[in-house]
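Nothing in this text is a laboratory measurement; each read-out follows from the coordinates by a stated rule. Only a predicted model underlies this, so the values are computations on that prediction, with no experimental measurement involved. Because the Cβ atoms are built from the backbone with ideal geometry, glycine has one as well, and the counts that use them run over all protein chains shown.
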Amino acid sequence: MGICHASDRGARKEGPPTAQAQTSQEQQGMPDSRSFSAYWGEETIQRFLNPSARQAPPPSDLNKFVFTISTRGNEGDDNGSNEKLRRAGPPLYAKFPVEVDHVRACANDKRKTTNGNFQALKTTISEGEIIRAVGPNDSDEAMFHRDIADFIRLRARSRSVSIYIHGFNNEPEDAVRRAAELTERMGFDGASLVFIWPAFGTRKLRSPASWKNYLVTARGVTHYLYDLQSSNWSRDSLAHLISTLAHDDNIDRINLIAHSMGSWLTMEALRHIAIEKGNDVLARVWSVNLIAPDIDVDVFKKQIGLVQDSYGADFLQRVTVYSNKNDGALSWSAGGHFAPRLGQITQGAEAKEDPNYVELTQEGIQIIDTEKFASDCDDSASHYKVVDNRAVQRIRTSFGMPPETDRGAMTAQR
């Protein structure tokens with residue numbers, strides 16, 4: 001994967017610009033949904049920001065925030081004819097109060113989900129706040145990073161951030177829900193961020209049959225190709241976000257959690273940082289967790305090899321891949337690309353070990369076989385299996401957190 005060179009750690013740069021300590025009652029209030037709809041579409045906003053249907057609890061009962069940065073544009077119509085509007089110009093920054101409840105079983109699901117390894121969760125996303133600049137010399141981005149820094153200083157118990165990068169066919173609220181639930185399961189006590197990019201999300205794929213039927217249609221293939229280009233379009237923005245956080249003195253560790261096609265986007269962003277000789281940035285990236293990564297194995301070797309050549313071999317020890325050879329979505333992707341995906345690699349039988357598994361693990365990358373792990377309630381393709389407590393503990397360890405019993409199981413036992 002490339003010759004290892006000693007890391008050339010660059011000089012520390014100053015953190016993000018700090019906004020003036022000015023606030024106003026109007027700018028502290030809830031956002032005008034019309035401004036949000038210009039980025040995410042009116043239908044999504046009504047579903048995502050309006051808490052009336054969810055009977056949101058009072059603010060005093062809300063136990064955490066999720067910060068979001070979105071490069072996703074207007075959704076266009078339901079037929080997908082306005083796809084070009086789904087990529088936004090300037091990013092939109094926001095934060096959402098969330099509450100995660102612990103329940104005993106998935107709705108409309110006959111699986112036994114209280115086996116000690118998995119507890120289904122229910123997440124309430126309340127009305128969010130768009131983060132805007134408060135003065136002519138400020139910017140939305142500066143306010144966003146100030147809010148994160150304030151959260152870490154005043155409310156968090158660690159100086160770490162977690163960035164969740166969603167995959168193909170995801171809507172914003174699904175990404176926020178998964179990020180909130182995963183950090184809740186972990187007991188993560190830092191700031192939780194979600195990077196929302198222009199994936200062509202649809203809420204109609206809730207069963208194995210609908211998923212498979214969708215993928216074999218021309219529309220499904222078109223959406224996949226569109227999302228792949230959107231991920232490429234978003235890599236500079238993600239690289240910029242990681243770099244800005246790395247230069248914030250309030251933050252010690254950056255932890256990345258990427259799912260499916262989001263893993264491709266994440267590796268492209270790290271590759272971009274390596275090309276720019278951002279070793280001071282890579283030094284702050286504490287862990288890279290790739291969940292069911294939809295990446296060509298050979299391409300991944302090139303991507304991580306470039307990061308290795310720039311920073312050093314020890315960076316590979318920060319990378320963990322969560323794989324499943326029976327992942328339905330990745331099987332479809334591998335067939336379409338005529339190449340196996342990174343998220344399908346497992347050790348294999350002792351007499352026939354997968355050579356890719358051997359090569360990557362010998363370089364220091366951890367590969368966790370999730371075939372026998374529990375899936376999330378809406379995971380019809382066995383494509384998101386990190387809700388299982390065994391995966392949760394692995395992610396906790398990668399974050400530098402001590403092992404702990406799954407918070408979902410703990411709450412259910414009380």
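Couple of notes before you dig in:
- Calculated FRET efficiency for the pair residue 132/residue 309, C-beta based, R₀ 56 Å, to 0.05: 0.85
- Beta bridges per DSSP, both residues in region 257-380: antiparallel share near 10 percent.
- For the listed residue pairs 64/385; 302/385; 325/385; 64/122; 122/372, the alpha carbons are over 20 angstrom apart in 64/385; 302/385; 122/372.
- Count Lys and Arg as plus one, Asp and Glu as minus one, and take only other residues whose Cβ is under 12 Å from that of residue 71; the net charge is then +3.
- Net length gained if the chain between residue 338 and residue 275 were fully extended (0.36 nm per residue, minus Cα distance): 19.8 nm
- Extension gain from residue 353 to residue 225, taking 0.36 nm per residue of separation minus the Cα-Cα distance: 42.9 nm
- Extending 7 Å from Cα along the Cβ direction at residue 371 and again at residue 397 yields two label points whose distance is 2.0 nm.
- Simple spin-label estimate for residue 157 and residue 249 in nanometres, 7 Å along Cα-Cβ: 2.7 nm
- Take each peptide in 149-162, 333-346, count the other Cβ atoms within 10 Å of every residue, and average; sorted highest first, the result is 333-346, 149-162.
- Förster radius 30 Å - calculated FRET efficiency between residue 326 and residue 233 (Cβ-Cβ, nearest 0.05): 0.45
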